[in-house]
Protein chains: 2
Amino acid sequence: MNIGEIARLSGLPAKTIRYYEDIGLVAPLRSTNGYRTFRQSDLHKLAFLGRARSLGFTIEDCRTLLELYNDSARASADVKKIASEHLVRIDAKVEELLAMRKTLAHLVHECAGDNRPNCPILDDLSAKPVAGQIGCEKTSR
Amino acid sequence: MNIGEIARLSGLPAKTIRYYEDIGLVAPLRSTNGYRTFRQSDLHKLAFLGRARSLGFTIEDCRTLLELYNDSARASADVKKIASEHLVRIDAKVEELLAMRKTLAHLVHECAGDNRPNCPILDDLSAKPVAGQIGCEKTSR
DNA sequence: ATGGGGGTTCCACCAACTGGAAGGTCAAGA
DNA sequence: TCTTGACCTTCCAGTTGGTGGAACCCCCAT
């Protein structure tokens, strides 16, 4: 199968598939005209990658997960560890976003959004941090 | 004030401040020895940027927000629009992460995490999508 | 004069692609 | 046979928001 068909079947853009070959995640054969030729196993691998990426695993996680997948002597603990750590990352990110969301939603709510210049949002952004200020949470970035 | 002091006062790394000058967000003066010299207004601007970035605004949003801040004839609606759109982006991101979280938490829970190879996480990742499958949500990436 | 702690520039790198240019290949139709 | 158009190839650059490091300059105290 050529890259176009594999892209259709795997749901990944051809560009991405070439990139994955570049970084050694997949190794299609080449036909005499230089075209990449994908086997069923390549399709399977790409689908695996697509699914793992859609769950937010990094490329390096994906690489490791693929190795574990191909290692019939793996310990499921190794897989679980990667997934658990990823879960922690996700939770941290969610917390961070919700903290932003909270402040932002409050500010948006306060702002009249009319044609006058007065704006609580800009007031907040330009507020100098005051020592001992009440309700001043540390922003984590 | 030199960059080191401004970094301390604004809470931004010196590297970041130089970068902000590079992309035209701040324009400190230069003293004869080539050192950047920051005014109080530069500090104020950098604090504004730090706060806006900590709320997740993009650099381009920050640029626009700064312009609006300096425009006494602004309409608060313009500010509110930027913030509201950002809020929508945040909500979308949170939704995406929560969807990942849900699947992932389920899989992690299912996995024994011992030294045996059997692993529901890998099973899920390698499952071929089946047409007509029940409970098969589209993953948005 | 020398050492240390500032500062400067510039270049490379991170993740995970994506867009586009310039060109080779192949099958079908006039 | 030629041409058209859909494929495919490689390579380079850009995205976001910085960060690390090298090589070098500057200034003050000892």
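Only the coordinates and a few stated rules stand behind these numbers; no lab work does. All values reported here derive from a predicted model rather than from experimental measurement. Positions of Cβ are generated from backbone atoms using ideal geometry, with glycine treated the same way; all protein chains shown enter the neighbour counts.
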Determine, at each q value in 0.09, 0.14, 0.17, 0.18 (inverse angstroms), the log₁₀ of I(q)/I(0) that the Debye formula gives when each Cα of chain B is one equal point scatterer. -0.53, -0.79, -0.95, -1.02
Sort shortest first the distances from A:Ala105 to its counterpart in every other copy, using label points 7 Å along the Cα-to-beta-carbon line, and give them in nm. 1.7
Return the single residue from A:Lys81, A:Lys102, A:Lys93 with maximal mean-square fluctuation; model: Gaussian network over chain A, springs between Cα atoms under 10 Å. A:Lys102
Segment A:1-57: proportion of alpha-carbon pairs further apart than 14 angstrom, %: 50
0 to 90° range, to nearest 10: angle between helix B:76-110 axis and chain B longest Cα axis: 30
Counting other Cβ atoms within 10 Å, which chymotrypsin sites (Phe, Trp or Tyr not before Pro) in segment B:18-107 have at most 15 and lie in a DSSP loop? B:Tyr35
From the label point of A:Arg116, set 7 Å along Cα to the beta carbon, how far off in nm is each other copy's matching point, shortest first? 7.0
Relative contact order for segment B:6-53 using alpha-carbon pairs under 8 Å, separation at least 6, rounded to a whole percent? 39
Length-normalised contact order for chain B - Cα pairs under 8 Å, 6+ apart - percent: 14
To confirm my reading of the symmetry, which residue of chain B has the Cβ nearest the axis that brings B onto A, and what whole-Å distance does it have? B:Val94, 3
Sorted from fewest to most neighbouring beta carbons within 10 Å, what does the list B:Ser31, A:Ser84 look like? B:Ser31, A:Ser84
Over its alpha-carbon atoms, segment A:75-127 yields an Rg and a Dmax in Å of 19.3, 63
Positive-end extreme of charge dipole, chain B - chosen from B:Leu87, B:Pro117, B:Leu55 (charges on Cβ): B:Leu55
Taking each residue in A:78-91, count the Cβ atoms of any other chain within 10 Å of its Cβ, then average. What number comes out? 5
Any residue on another chain or 5+ positions along whose placed amide H is under 5 Å from the amide H of B:Thr37 is listed here as B:Leu29, B:Arg30, B:Ser31
How large are Rg and Dmax for the protein assembly as shown when calculated on the C-alpha trace, in angstrom? 24.8, 73
